[in-house]
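Some notes on the structure that comes next.
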């Protein structure tokens with residue numbers, strides 16, 4: 001069985017959230033829904049997500065705040081902003097904070113799928129490059145070190161990846 005892409009969707013409009021989640025689940029995404037930023041951050045602490053789709057304007061913690069926290073705490077997650085209240089200024093700001101994409105509502109579903117696919121490919125590339133660097137570090141460690149030294153260094157590398 002193939003592993004599905006794990007997607008966190010955050011939007012305070014429950015009807016919209018349920019609708020988009022159902023459509024994406026039919027496209028083989030494993031979807032977790034949150035109606036506010038606090039729940040989204042809590043879900044992300046307990047589950048690993050490949051991608052997140054965030055509404056920009058929400059009561060309480062807005063999408064920009066959620067974006068900042070997700071990018072800071074989850075090294076490889078890619079985030080797409082989806083908003084009905086977009087502006088060039090907010091698009092630039094979200095991009096600077098690490099958003100992979102920024103789409104207006106209403107959205108074209110096939111365009112959303114394309115952006116999610118591209119974001120997932122970018123995530124895989126980042127992860128692959130990080131894994132390659134880690135492998136190179138491990139190879140260097142193995143040269144001329146005792147097994148205990150190698151284990152200590154491997155633990156340090158593992159802690160850095162958390």
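We did not get these values from a lab; they are worked out from the coordinates using the rules stated. Fair warning: this is a prediction, and the values are worked out from it, not measured in the lab. Glycine also receives a Cβ, built like all others from the backbone with ideal geometry; neighbour counts cover every protein chain displayed.
At-a-glance table
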{"quantity": "Fewest-first sequence of 30, 78, 2 by Cβ atoms within 10 Å of each Cβ", "calculated": "2, 30, 78"}
{"quantity": "Between helix 37-46 and the chain: long-axis angle, C-alpha atoms, 0 to 90°, nearest 10", "calculated": "30"}
{"quantity": "Computed log₁₀ I(q)/I(0) - Debye formula, equal Cα scatterers, no solvent, the stretch 1-57, q 0.19, 0.22 Å⁻¹", "calculated": "-0.62, -0.81"}
{"quantity": "Convex hull volume of the stretch 35-80 per residue (C-alpha atoms, cubic angstrom)", "calculated": "60"}
{"quantity": "Crossing angle, helix 147-161 versus the chain [Cα axis fit, 0-90 degrees, rounded to tens]", "calculated": "10"}
{"quantity": "Stokes-Einstein D in µm²/s, Kirkwood radius over Cα pairs - the stretch 1-100 at 20 °C with 1.002 mPa s viscosity", "calculated": "159"}
{"quantity": "Between helix 14-25 and the chain: long-axis angle, C-alpha atoms, 0 to 90°, nearest 10", "calculated": "50"}
{"quantity": "Enclosed volume per residue, in Å³, of the convex hull spanned by Cα atoms of the stretch 19-162", "calculated": "122"}
{"quantity": "Ranking of 58, 47 by count of other Cβ atoms within 10 Å, fewest first", "calculated": "47, 58"}
{"quantity": "Two-decimal Rg/Rh across the stretch 83-162, once Rg and the Kirkwood Rh are taken from alpha-carbon atoms", "calculated": "1.25"}
{"quantity": "Global form of the stretch 44-122, assessed from the alpha-carbon gyration tensor, a/c cut-off 1.5", "calculated": "oblate"}
